[in-house]
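Engineer: My questions all concern the structure below.
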Amino acid sequence: MKKSIKDRLAVLSDAAKYDASCASSGTQKRNSAQSGGLGSTEGAGICHSYAPDGRCISLLKILMTNFCIYDCAYCINRSSSNVERARFSVEEVVWLTLEFYRRNYIEGLFLSSGIIRSSDHTMEEMVRIARELRITHNFRGYIHLKSIPEASQALIEEAGLYADRLSINIELPTDIGISQFAPEKRPENIRKSMGDLRLKIEESRDPTLQTKRTKRFAPGGQSTQMIVGADAADDATILSTSARLYGSYGLKRVYYSAFSPIPDSSKALPLIKPPLMREHRLYQADWLYRFYGFGIDEITAGQGDGMLDLDLDPKLSWALANRHRFPVDINRADRDMLLRVPGLGGKTVNALISARRYRRLRLEDLSRLSVSLKKVQPFIEAEGWSPGALTDKADLRARFAPKPEQLQLL
Amino acid sequence: MHTITLEGPADFDGWRVNARSLALAGVPPQDTQWRVRGGDDGGLFDMAPAEPEALPPGLMPPPGTGLKVPKDFIELAKAVVCHSDPARFGLLYRLLWRMQSEKGLIGIATDADVVRARGMQKSVRRDCHKMTAFVRFKEVPHGQGQGRSGQNPRRRFIAWFEPDHYIVERTAPFFQRRFTDMDWLILTPHGSSAWDGQALRLSPLAASKPDISDETDDLWRTYFSNIFNPARLKVKAMQAEMPKKYWKNLPEASLIPDLIADAEASVRAMVARAASQPPAHHFRLQEAMRNAPAPDLPPAGTLAALKEQAKTCTRCPLHCTATQTVFGEGPENADLMFVGEQPGDQEDLAGRPFIGPAGKLFDTVLNETGIDRRTAYVTNAVKHFKYEPRGKKRIHQRPNTGEIEHCRWWLKLELDLIKPKLVVALGATALHALTGEKSGLSQRRGQFQDLGQGQSLFTTIHPSYLLRIPDLGKQGEERLRFEAELAQVARAMQAPHFQAGGSA
């Protein structure tokens, strides 16, 4: 007997949860005021709920089917797994998306799929879903499609017409890792597909000669995901791969997903508690690289083993290792250096630069901006404050490091 | 003391008109008192009739005269009036008052009044954002007589939400833009909003929670519990973004306590179950893949076969960071072959040589000298792009000796297959790859050199060199020289000894 839609929803959302991305931001602004249809995107995404894993639920993130001809060791849907299988029809995915959207549970759809029959066949079905939503149902909400690296150019072209974002997962930081754990995937094909997407996205932003209007192609850009902790790659390797992907393919985001044990797991993989703190530190480091002017080598140099410090955030860790650059005078330092002060974020730095045009800033001003004085004090000078010997104190690290905690078995 | 009574708890226009006239009349903040008609600000105000306005309406200055405030302040004030703090109107007036003498006040993010107003703004914005996130519409059936037969009636939905502040009006346009094709009604203790496809209606009256249910909530709960990964419990992170005060109106929230309680046990159970034997269909798939016919390859010994082979080259580590091998391009029997350095950013993405900025310049100069690029074979000494990522860009790096040596293997195969009569080295890397000599570009530049077996080498610069010269005068000079050198190449190709063999 065919499983009910509810049973299949359970299987196909369970199968999708290892994809970290749920973003619905960064696309063009549009709404249904003119069309009289359904849906809008307003720049910032909206998280409509949060699961107890702390992850935002913004999109209906499901697989079209979890049948798959590939056998990627880290994947719950690999062909050698005995996980329960199911599949949705095009109409069912469309129905679920619209009904969930009308109740304001979601911003839109994030559709992925196992590879069935062939890459083109799979991609074609996914494109049909996006087309139905956009054309037949006049849906203006967010659509993220996972694109299949080997799918034909024409299908990718059409996918970009309907989707806000396209993504292809790089999965693992090194080519060796990919061939080891995802034997059917070709790292060069993944890179090639990302390169093709970048060219198409850039081309669509250039106005044509005849009209100023640009062609629509994935206005929310492309993103990817890397699994952390399944292979032996260190943080320096992971972050260098990210830097390379950002630079080469103009990715909006690289998502890091702590490898999490999956049901009926492959023997090739560790059954570990997912390295959530490591994942968190990688996101912080990624942020420092993209928005704070840090180089990957600077961020990863501190420990000597290519790993990030798990106890301290990477900016603080860098500052402790580079104390000769401190203290920084918050009334005089330039923006780049202020951004390197632990405890000062981008918004705070903007506020300081704006406020110091009118008055000399003191520690009290910082606390009004909700800056942690305990964190910044050793690294800054302000009106009425100088850290003196504190900056170079031998046990400064102890001021920040978390108290030792007894470890527990998983 | 001037007491101002506003028409509603988020009456921005009322506040604006009154504040403007008070300020113009020179009334200091400490002499003003602000209240809301009907007073629902925590019971501070009674239903007593409104007291006299600060100024008789006749004396009010016409809108737009006198006071100037930064645009940013209007934005701030519009948000702050929605806050539930009874002191909000007085605070805004005090800011307005101070701004007249303190220049740039609103930019002083550390000022106590500014900090407080910004705090309220932030709180209102967050409340609005959470309302757009956590409102849950429930479908209600049409009453008798609605929806004419033969026509699709608009579907109807009702939501109940409990915001902290007076934000119903502020958020209503969002729901209108988004849920345009359905009728909806959002009820809150601070008023309600409704849309019927024609008009947006607002009511300031407190509503009470309706007793409605929607079957689809059950599917949503199924999704919520299955998208949750019990192996990565982060309850604090969840509650920071979805505080418990919202839970009572979220259909999925009742599942949370059990999901948390069972998480550890379910992970343990999952880990304890040893990996099972793969299902039969897995072996069939693997078998099918092994037996899949190999893709048709071009016949050995052709340029196409060489190109195909080069796609999977791993002779040096550059293949791990580049997108793809960029092989040479052009006719297999070309008499003229150009050798550049390595592909750049654009070439790496498109998989074709000389198409980026340097390639475009190269094409222009070729055109001027009358050489048809389509008749020449164009390739690079190194076939993978070497670069250093810098933010959103890639900075080109020169290939080192090892990389040039490894890749020379391909260049040699290209030379052997195409057998050009004239090979043009564009730049030092090409010269190195073709002659093994690491220096001497400037000495050899513009000269022909015999390679034996009827083959000649001509040396010039790489066109990207021209793009890197900052001084425009020098750049012009060098370009003329490059043009002259390519003209030498063009003339050489017309010479009888090149022509003779070329017609074969």
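The values are calculated or read from the model by the stated rules, or taken from the named source; none is laboratory data. Keep in mind it's a predicted model, so treat the numbers as computed, not measured. Cβ sites come from the backbone with ideal geometry, for glycine too, and all protein chains shown count toward neighbours.
Engineer: Consider the stretch A:247-268. How many of its residues are over 19 Å from residue A:193 (Cβ atoms) and more than 9 Å from chain B (Cβ to nearest Cβ)? Steps first, please.
Structural biologist: Here is the first cut: in the stretch A:247-268, the residues over 19 Å from residue A:193 (Cβ atoms) are A:256-268.
Okay, now just the ones that are also more than 9 Å from chain B (Cβ to nearest Cβ), so A:256-257, A:259, A:268.
Summing the residues that are over 19 Å from residue A:193 (Cβ atoms) and more than 9 Å from chain B (Cβ to nearest Cβ) in the stretch A:247-268 gives 4.
Engineer: Does residue B:377 satisfy the criteria of being over 21 Å from residue B:488 (Cβ atoms) and among the aromatic types (Phe, Trp, Tyr)?
Structural biologist: Spelling it out, it is not the case that residue B:377 is over 21 Å from residue B:488 (Cβ atoms) and among the aromatic types (Phe, Trp, Tyr).
Engineer: Taking the residues in the stretch A:37-78 that are more than 7 Å from chain B (Cβ to nearest Cβ) and among the basic types (Lys, Arg) as candidates, determine which candidate is farthest from residue B:236 (Cα to Cα).
Structural biologist: Of everything passing the filter in the stretch A:37-78, A:78 is farthest from residue B:236 (Cα to Cα).
Engineer: Would you confirm whether any residue within the stretch B:169-190 is facing chain A (nearest Cβ under 10 Å), at pLDDT 95 or above and surrounded by fewer than 16 Cβ atoms within 10 Å (Cβ to Cβ)?
Structural biologist: Yes, there is a match, as at least one residue in the stretch B:169-190 is facing chain A (nearest Cβ under 10 Å), at pLDDT 95 or above and surrounded by fewer than 16 Cβ atoms within 10 Å (Cβ to Cβ).
Engineer: Another question, if that's okay. Could you grab the pairs with beta carbons closer than 7 Å, sequence gap of 6+ or different chains, first residue in the stretch A:93-113 and on the phi < 0 side of the Ramachandran plot and part of a helix (DSSP H, G or I), second one surrounded by fewer than 24 Cβ atoms within 10 Å (Cβ to Cβ) and acidic (Asp, Glu)?
Structural biologist: A:94/A:132
Engineer: Testing residue A:215 on (1) within 14 Å of chain B (Cβ to nearest Cβ); (2) free of Cβ contacts under 8 Å to residues at least 40 places away in the same chain, one condition comes back false. Which one is that?
Structural biologist: Failed condition: (1).
Engineer: Hey, could you check the stretch B:254-272 for residues that are at pLDDT 95 or above and at the interface with chain A (Cβ under 8 Å from one of its Cβ atoms) and say which is nearest to residue B:134 (Cα to Cα)?
Structural biologist: B:256
Yes/no matrix, rows are residues, columns are (1) at pLDDT below 90; (2) more than 12 Å from chain B (Cβ to nearest Cβ):
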{"residue": "A:201", "(1), (2)": "no, no"}
{"residue": "A:209", "(1), (2)": "yes, yes"}
{"residue": "A:226", "(1), (2)": "no, yes"}
{"residue": "A:234", "(1), (2)": "no, yes"}
{"residue": "A:238", "(1), (2)": "no, yes"}
{"residue": "A:243", "(1), (2)": "no, no"}
{"residue": "A:270", "(1), (2)": "yes, no"}
{"residue": "A:285", "(1), (2)": "no, yes"}
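Engineer: Six or more apart or on different chains, Cβ atoms under 7 Å: show the pairs whose first residue is in the stretch B:419-445 and assigned to a loop (DSSP other than H, G, I, E, B) and whose second is of a type in the set (Ser, Thr, Tyr).
Structural biologist: As it stands, the answer is B:420/B:377; B:421/B:456; B:427/B:465; B:445/B:459; B:445/B:460, since those pairs meet every condition given.
Engineer: Condition first: more than 7 Å from chain A (Cβ to nearest Cβ) and either among the charged types (D, E, K, R) or not in a helix (DSSP H, G or I) (or both). Now tell me which residues in the stretch B:274-290 satisfy that.
Structural biologist: Residues satisfying the conditions are B:274, B:277, B:284, B:287, B:290.
Engineer: Only helices (runs of 4 or more DSSP H) wholly contained in the stretch B:301-370 count here; list those with 1 or more residues that are of a type in the set (Ser, Thr, Tyr) and either under 18 Å from residue B:460 (Cβ atoms) or within 12 Å of another protein chain (Cβ to nearest Cβ) (or both).
Structural biologist: B:357-369
Engineer: So, in the stretch A:1-13, exactly how many residues are within 9 Å of chain B (Cβ to nearest Cβ) and in contact (Cβ under 8 Å) with a residue 24 or more places away in the chain?
Structural biologist: Looking only at that region, the number is 6.
Engineer: Moving to a separate point now. What is the one condition in (1) within 30 Å of residue B:248 (Cα to Cα); (2) modelled with pLDDT of 60 or more; (3) more than 14 Å from every other protein chain (Cβ to nearest Cβ); (4) more than 35 Å from the chain's Cα centre (by Cα) that residue B:140 does not satisfy?
Structural biologist: Unmet for residue B:140, out of (1) within 30 Å of residue B:248 (Cα to Cα); (2) modelled with pLDDT of 60 or more; (3) more than 14 Å from every other protein chain (Cβ to nearest Cβ); (4) more than 35 Å from the chain's Cα centre (by Cα): (3).
Engineer: Return the only residue of A:199, A:172 being surrounded by fewer than 22 Cβ atoms within 10 Å (Cβ to Cβ) and hydrophobic (A, V, I, L, M, F, W, C).
Structural biologist: Residue meeting the stated conditions: A:199.
Engineer: Next up: From B:101, B:193, grab the single residue that is farther than 18 Å from residue B:75 by Cα, more than 9 Å from chain A (Cβ to nearest Cβ) and in a strand (DSSP E or B). Give the steps one after another, and end with the answer.
Structural biologist: Values: B:101 fails: in a strand (DSSP E or B).
The match here is B:193.
Engineer: Has the stretch B:238-250 got any residue that is more than 9 Å from every other protein chain (Cβ to nearest Cβ), closer than 23 Å to residue A:106 by Cβ and in a loop (DSSP other than H, G, I, E, B)?
Structural biologist: yes
Engineer: Now for a different question. For the stretch A:289-314, which residues satisfy the criterion of being outside any loop (DSSP other than H, G, I, E, B), within 21 Å of the chain's Cα centre (by Cα) and away from chain B (no Cβ under 12 Å)?
Structural biologist: Of everything in the stretch A:289-314, those that are outside any loop (DSSP other than H, G, I, E, B), within 21 Å of the chain's Cα centre (by Cα) and away from chain B (no Cβ under 12 Å) turn out to be A:299, A:300, A:314.
Engineer: Exactly one of these conditions fails for residue B:111: (1) farther than 30 Å from residue B:220 by Cβ; (2) surrounded by 21 or more Cβ atoms within 10 Å (Cβ to Cβ); (3) in contact (Cβ under 8 Å) with a residue 12 or more places away in the chain. Give me its number.
Structural biologist: Going through the list (1) farther than 30 Å from residue B:220 by Cβ; (2) surrounded by 21 or more Cβ atoms within 10 Å (Cβ to Cβ); (3) in contact (Cβ under 8 Å) with a residue 12 or more places away in the chain, residue B:111 breaks only (3).
Engineer: A further question follows. Do you know which residues across the stretch B:255-279 are without any contact (Cβ under 8 Å) to a residue 24 or more places away in the chain and more than 19 Å from residue A:76 (Cβ to Cβ)?
Structural biologist: B:256, B:257, B:258, B:261, B:265
Engineer: Now, a different point. Output yes when any residue across the stretch A:316-324 is in a helix (DSSP H, G or I), away from chain B (no Cβ under 14 Å), farther than 24 Å from residue A:391 by Cβ and of a type in the set (D, E, K, R), and no when none is.
Structural biologist: The first filter runs over the stretch A:316-324 and keeps only residues in a helix (DSSP H, G or I), leaving A:316-321, A:323-324.
Still in the list and also away from chain B (no Cβ under 14 Å): A:316-321, A:323-324.
Those left that are additionally farther than 24 Å from residue A:391 by Cβ: none.
Scanning the stretch A:316-324, I find no residue that is in a helix (DSSP H, G or I), away from chain B (no Cβ under 14 Å), farther than 24 Å from residue A:391 by Cβ and of a type in the set (D, E, K, R), so the answer is no.
Engineer: Additional query: Using the structure shown, decide if residue A:347 is at pLDDT 95 or above, basic (Lys, Arg) and either out of contact with any helix residue (DSSP H, G or I) (no Cβ under 6 Å at 6 or more places or on another chain) or under 18 Å from residue A:284 (Cα atoms) (or both).
Structural biologist: For residue A:347, the condition - at pLDDT 95 or above, basic (Lys, Arg) and either out of contact with any helix residue (DSSP H, G or I) (no Cβ under 6 Å at 6 or more places or on another chain) or under 18 Å from residue A:284 (Cα atoms) (or both) - is not met.
Engineer: So, one more: Are there any pairs with C-beta distances below 6 angstrom linking a residue in the stretch A:178-201 that is assigned to a loop (DSSP other than H, G, I, E, B) to a residue that is aromatic (Phe, Trp, Tyr), with the two at least 6 apart or on different chains, and if so which?
Structural biologist: Pairs that qualify, where the first residue is assigned to a loop (DSSP other than H, G, I, E, B) and the partner is aromatic (Phe, Trp, Tyr), are A:184/A:70.
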